[in-house]
Every structure is written in structure tokens, then in C-alpha cells.
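The values are calculated or read from the model by the stated rules, or taken from the named source; none is laboratory data. None of these values were measured; they are calculated from a predicted model. Cβ placement follows ideal geometry from the backbone for every residue including glycine, while neighbour counts extend to all protein chains displayed.
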Amino acid sequence: MLTLSKEKGTGGKVKSSPEDFIVREIEANGAVLKEGVKYSPGDVGESQDEDGEFTKFVLQKRDWDTIHALITIGKLLGRGKKSIGYFGSKDRLSVSTQLASLYGVDPLQLMQIKIKDISINGAWKSKTAVDLGKNIGNSFSATIRECKDPDRIKAVAEELDGFMPNYFDRQRFGIRMNNAEIGMCTIRGEFEDAVMKFLTDTQFETNKASVEARKRLKEEMDFKKAAEYFPKNLRNERMAIEYLARYDNYANALRKIPRGILVMFIHSVQSMVFNKALEMRIKDEDFKSNLSCRKNFYGFPDIGSMGAGSGDFALANLIGYETKPELIDDYEREVLEKAGLQPGDMKIKSMPELSMKGSHRVLLAPVKDLSYVSEEDSAKVDFSIPAGSYATILLAEITKNQESI
């Protein structure tokens, strides 16, 4: 991806260890959840309700991804995946602190659980769950190792002047970087291609057993045999394979994959269009838009205040079937034409549960409180960014080394 800043970067590596990437969630009242601190509901703008069926809690984890950590906690307390709630998934290779919820558990029992590298820093009863995307943002402390010139951060920060390109990062497109391709096939109704890409693509696959299994299935196309040799850890792939071993219906095989993953395939298409249009804008140094939103009390974008005319932050589309043609800018239109897409295509008649109405996203995200401390060949960088923006995009601006993120 094209960077916004033209200054030379520091070089170096990010996330050499979990302690090199500290993530602190910023709650709706502006509270920043710090590691090792015990919280009460009032600290985060919440109130305790003894009649509530949910338990909200502050989760601190090290080297755990959010969903796996919450599922593990839930199992210990006899609750399933549908009982968990969280604002956003934090990186596995990090030390992160965030608000979460579980349905039907006792706060005291939750506080007493013992899991390596997980701690519960406060828990209370509530009538509501923690829902995706309701936090303000995240605060980060990132250590960059093996820097060629750590003091280059100052020049990059001055050029960025408090903003960063609001790209979706690579994790949005999957470990094998094929989410958008699978999404495109699904949108077009090419379900066999979608399923086979999901099952057999090996680009960026690092597990040897998985590579061999995927290649073998692609060559043999024998789903009954594949059900026997596909690695057990590829659970979602196995569900589709086991269905195809009995039935010749690729659309229904796709439905065997959890809906959250299927939705991410379609989101990846929206993200791909946004990223490519933003990169073209950066090349042209053109960030004008007919749509904008105001900032909230914290100084971050309030997408709910979107409207035409001047505002604090320029917006672009995340294309959906309700996106108005007159609000599609020239950059988005060019990307859509090259991809052979139209907004109406996001209404997937054969799989309506995956249809996307469309939404909006800030072109340039604000970066608050950026500071750094440098040593001989490393630097610790502190900053805060809105929810939905990626710290690794800012770090790529600083290091100019996207492969290290």
C-alpha cells in the first residue's frame, strides 16, 4: 500500500514479543483501560445492576486472541460462544486490556478463574451485553526493534500532522490473503469457485500439513478421502468437506462455514474497494469528499453525524446495495468498474443473509497523543486511534517496512 508520508522510515520490526505491543481499549466515557488496574463499573461509565443477566468484565490477556480467550473463559463457566460479547478483537501477539461480557455467569466466579496469561480486572452485573464497535478507540504502546534510525519518527510524525491513511490492514483479508477473492466469487454466485478457493488456496499458508492437504484435494477432488486426511485444526474446512462428501451442493457447503467468516469474505470486498480508492487518492493527494462527519468529545470521528458539506473528517463509501450512485466518487467508480462490481451486486439474492447495505469510513484517521522514546536501535511509540483503525498502518508509515507488521 502507498504510504501517506514520503519521509524515510525507521526500518525495524514490530511485535517481536507480546510485551512489544500493548493495547488499551478506550471506552465510551473516554476511560483508557490500563493493564494491572482493577476497575469498577463507574470507572468505565457503567452501572451495576444486580438484576442483570449479563456480567461485564475487564479482560487482560497476553498472547491470546480475544475470541479464543473468551471462549476458553466461557467453557470454564459452562457457557458457549453465543454467550460472549466484546467491542473488538485485539491482536493475539500483544498484552491487551478490554471490556467484555458473558451471559448467565456470576461475577465472583468469573473473578476466581485461573488461566495462564489471562486476568479479570473487575466484573459486575449488567442488563446489557458488550456489543461490537461501541468503544471509542484504542491506545497503543508499540516497541520497534532493530531500527536503522529511530529518530526518523519525528520527521514522519510532523509530515503526517496528526493523521494516518485509514486503510484496512492485511488481517482483514485473511491469513492466506484470499478473503476478497472468495467474497467476489460468492457475490457472483460462483459458489464452487468460492468453496474451492477456501479449501485449496495455499498462498501464504505456512503449515506444511495444511499445504499438503489443500494441494491433494485440488488434484484429486475426492471429498470423501479429504474428510479422512484433512488436518483436525482446519475445522471450518472440514465442515464444508464433510458436507460435500455426501451432497453435490456448493452453496450449502459454503453455508456450513460459520456466518461470521462468510460475512468477513463480503466485508473484504468492501475493504478492497476502499483501500484501492484510498491509495489512488494518496497518489493524487486528493482527500476531498461530498460526505463528512463531526468529531466526538474525544476528538475521534462520529460516523453517526454524517452529512453533506463541511465537517471535521472526510468520508468515503463502504459499498453496499443501498449506496447512492450520486455519492460514489470517481476513485470508487474506477475501482468498481475494474472489479466488474456494482452496488446492487452486494444484495446477494442466493444468500441474502450475506447482503451488505453499505456504510461509510473516514479517509484519514486522527492520531492522538503520538510520542516516542528512542534508544540505539529501538523506539517505543505511544498513540491513540479510533475504533476500526489499525495501529499497524501507522507503524508501517513510521517504519516504511510493511512486511514487518
Item to complete: Mind telling me which of the residues GLU50, GLU19, GLU35, GLU46 ends up being under 24 Å from the mean Cα position of the chain (by Cα), of a type in the set (Asp, Glu) and in a loop (DSSP other than H, G, I, E, B)?
Response: GLU35
Worksheet item: Which residues, taken from region 168-195, are farther than 16 Å from PHE274 by Cα, in contact (Cβ under 8 Å) with a residue 40 or more places away in the chain and not charged (D, E, K, R)?
Response: GLY174, ILE182, THR186, ILE187, GLY189, PHE191, ALA194, VAL195
Discussion item. If GLU237 meets every condition in (1) in the same structural domain as CYS185 (by TED's automatic domain parsing); (2) surrounded by fewer than 15 Cβ atoms within 10 Å (Cβ to Cβ); (3) closer than 30 Å to LYS349 by Cα; (4) not hydroxyl-bearing (Ser, Thr, Tyr) apart from one, which number is that one?
Written reply: (2)
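Quick one: which helices (runs of 4 or more DSSP H) sit completely within region 149-240 and have at least 2 residues that are closer than 30 Å to THR3 by Cα and within 21 Å of the chain's Cα centre (by Cα)?
Details: elements: 152-160, 179-187, 191-200, 208-220, 223-229.
Helices (runs of 4 or more DSSP H) meeting the threshold: 179-187.
Is it fair to say SER305 is within 21 Å of ASP161 (Cβ to Cβ) and either modelled with pLDDT under 95 or part of a strand (DSSP E or B) (or both)?
Working: within 21 Å of ASP161 (Cβ to Cβ): no; either modelled with pLDDT under 95 or part of a strand (DSSP E or B) (or both): yes.
For SER305, the condition - within 21 Å of ASP161 (Cβ to Cβ) and either modelled with pLDDT under 95 or part of a strand (DSSP E or B) (or both) - is not met.
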Practice prompt. Any residue in region 235-254 that's in contact (Cβ under 8 Å) with a residue 24 or more places away in the chain: show its pairings with residues that are among the basic types (Lys, Arg) at Cβ separation under 7 Å, as long as the two are six or more apart or on different chains.
Written response: ALA240/LYS256
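Conditions (1) outside any loop (DSSP other than H, G, I, E, B); (2) within 23 Å of LEU160 (Cα to Cα), marked per residue:
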{"residue": "THR323", "(1), (2)": "no, no"}
{"residue": "ARG333", "(1), (2)": "yes, no"}
{"residue": "LEU336", "(1), (2)": "yes, no"}
{"residue": "ASP345", "(1), (2)": "yes, no"}
{"residue": "ILE348", "(1), (2)": "no, no"}
{"residue": "LYS357", "(1), (2)": "no, no"}
{"residue": "ASP369", "(1), (2)": "yes, yes"}
{"residue": "ASP382", "(1), (2)": "yes, yes"}
{"residue": "ALA396", "(1), (2)": "yes, yes"}
Response to the item:
In region 365-401, residues that are more than 12 Å from SER141 (Cα to Cα) and either more than 17 Å from the chain's Cα centre (by Cα) or charged (D, E, K, R) (or both) total 13
Fill in: region 122-144, subset surrounded by fewer than 18 Cβ atoms within 10 Å (Cβ to Cβ) and of a type outside the set (Ser, Thr, Tyr), residue modelled with the highest pLDDT
LYS127
Item to complete: Output the residue which, of all residues in region 9-28 that are modelled with pLDDT of 95 or more and surrounded by fewer than 17 Cβ atoms within 10 Å (Cβ to Cβ), is farthest from VAL58 (Cα to Cα).
Response: SER17
